[in-house]
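This report concerns only the one structure given below.
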Amino acid sequence: MLNFAFSRPARRDLLIALVACAGLIVIFISIDFLEALFEFTREHEDWELDEFLATVPAAALVACWFAFRRWRESNGLNRRLSEALSELEALTQREREIQGELRQSHKMAALGQLAGGIAHEINNTLQPIFTLAELCSEQEDLTDKNRERMKQILSAAGRGREISQKTLMFAGSDENRSDENGGEPLDLSAALPEMMDFVTDATLSSVKLKSEVLVDTAPARISRTELTQVLTNLINNATDATEQKGTVTVSLNRATPAAVGAAGLGAGCSGMWSVTVSDDGVGMSDTVRERALDPFFSTKPPGVGTGLGLSVVRGIVEKNWGGKITVESEPGVGTTVRILIPDAPVTEGAQS
Amino acid sequence: MKKVLLVEDDEFGRYALRELLSDAAFDVAEADNGLAARRMLEGDTFDLVVTDIFMPDMDGIELIRLIRKTYPDVKILALSGGGAGFTPGYATDLASTIGANAALQKPVSNDELRAALDAIFRDEDGKS
């Protein structure tokens, strides 16, 4: 931790002034300066030295006053600098934490995708084993020995199904749920700007990013990791849509009853937060908009987009958060992705 | 005899389901992805499409949307083994949402499959 409570130049100036004063006093006393001066002035009254003598202490006082002012200003500046440095250190620390969370989020997303892909392959492989073994077991002329063998095949396949279901549960990012907040709701109004600062640094180039948080507090039972994953995906897409030269606006507000009703969430949802990510990019045709949230659908060139980003976002928002995601778009005007997230009391009610 | 179009990219899976459907007295035609299925739907009439969800070229979700738009009377049974990055049941829920008559998570037992097929055609018989 740096300490700038008292700067060296200010202390040095003050010391020099004090030492010079003390030195002059000693010299003046040792040579009977004042007496000699008195004599001298009496002898040269026509020189008007009295005024000069009166001016010297006044000038010394003014010089001391300026030295003191400089010392005080310098101290004030140092204090402000010290505060700014502490703030900067806190911000750097927070950025490091968010970077860690984002890394963890990417790691979990990658692991989840891998696990989901493996479970998918296992399930597809198990399906013909189940179907054919059961068809064989249903044969009436099967010997007891072969019936037992078929039973064993099915038991082994059953164990395989259990493993794949557990893998799928992992792929469903269960451990990314809101437990990571220690059971406490996440305040979106605080979390959103923090993450956006980071996402801005991490993803944007010449795109202008604006944020509008229109509520003082917005508690929701969602995980910070998943929120980061969702925002990163949406802002990346919006940035791509503006071809790196437009404006992307992220806003948070309480959802209007009309928006909640339009999303088909009317019953049991007394309060929801609305997070929108809007861009003024190329927009989408109705056909593209209709498929935008589908898995494997991408308008990006092969090898650039996986087509999984938005569908994973949809999975998180609708499955994990119990919310709703909708896409509004007009070609040439832009796109708005709206996420409705239940507020914390509603989620509690829904869980009970 | 009811005609079924079986759409599945996995060769073993396709074989097994064909066996089950044939045993259940369906007339089975096969396609290994959504595009092939679309071509077959254009040239023939089917009572039922049994489709996988994650397939190359044209996936089951797009196929279900196409069928609901173009062939509204065709019944749809969707089967999915899940997919990379999805919560369990996500693909089957999505398939149901966009218009599949039934959607099951693989691996599914023969009894469950037969029950789903019965339910699909029972609904149809009930309506007619």
- Task: Would you please give the residues with an amide H less than 5 Å from that of residue B:104, counting only those at least 5 places away or on a separate chain, with H modeled from the backbone geometry?
- Result: B:78, B:79, B:80
- By counting other Cβ atoms within 10 Å of each Cβ, how are B:75, A:145, B:106 ranked from fewest to most? A:145, B:75, B:106
- Message: Between residue B:112 and residue A:91, what's the calculated FRET efficiency when r is the beta-carbon distance and R0 is 56 Å? Round to 0.05.
- Response: 0.50
- Task: Give the order of A:19, A:230 when sorted by the count of other beta carbons within 10 angstrom, beginning with the fewest.
- Result: A:19, A:230
- Counting only residues 5 or more apart in sequence or on a different chain, those whose built amide H sits under 5 Å from that of residue B:33 are B:8
- Message: Under the rule a/c < 1.5 gives rounded, and otherwise a/b versus b/c splits prolate from oblate, where does the range B:12-87 land using the Cα gyration tensor?
- Response: oblate
- Its Cα gyration tensor gives the range A:29-74 an equivalent ellipsoid whose semi-axes in whole Å, largest first, are 31, 13, 4
- Query: Taking N as the number of residues in chain B, what is its alpha-carbon radius of gyration divided by 2.2 N^0.38 Å?
  - Reply: 0.96
- Under the Karplus relation 6.51 cos²θ - 1.76 cosθ + 1.60, θ = phi - 60°, what is the ordered set of whole-Hz ³J(HN,Hα) values for the range A:79-93, x standing for Gly and Pro? 5, 5, 4, 4, 5, 4, 5, 4, 4, 4, 5, 5, 5, 4, 4
- Note on the structure: With a 31 Å threshold on alpha-carbon distance, the violating pairs from A:107/A:319; B:3/B:106; A:107/A:210; A:145/B:106; A:245/B:69 are A:245/B:69
- Query: Using the Karplus equation 6.51 cos²θ - 1.76 cosθ + 1.60 (θ = phi - 60°), what ³J(HN,Hα) coupling, rounded to whole Hz, does each residue of the range A:24-40 give in order, writing x for Gly and Pro?
  - Reply: 4, 4, 4, 4, 4, 5, 5, 9, 6, 4, 5, 5, 4, 5, 4, 4, 4
- Taking H as built 1.01 Å from N, whose amide H comes closer than 5 Å to the amide H of residue A:212, not counting residues under 5 places away? A:250, A:251, A:252
- Of the options A:40, A:76, A:91, report the single residue whose Cα projects farthest towards the positive end of the charge dipole of the range A:38-130 (beta-carbon charges: Lys, Arg +1; Asp, Glu -1). A:91
- Task: Report, in whole Å, the centroid distance computed from the Cα atoms of the range A:100-148 and the range B:56-78.
- Result: 25 Å
- Item | Overall Cα dimensions of the range A:1-118 - principal axes, largest extent first, Å | 111, 24, 13
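Throughout, read-outs are computed from the coordinates displayed, never taken from laboratory work. Because the structure is a prediction, the values reported are computed rather than measured. Here Cβ is always computed from backbone atoms with ideal geometry, including for glycine, and neighbour counts include all displayed protein chains.
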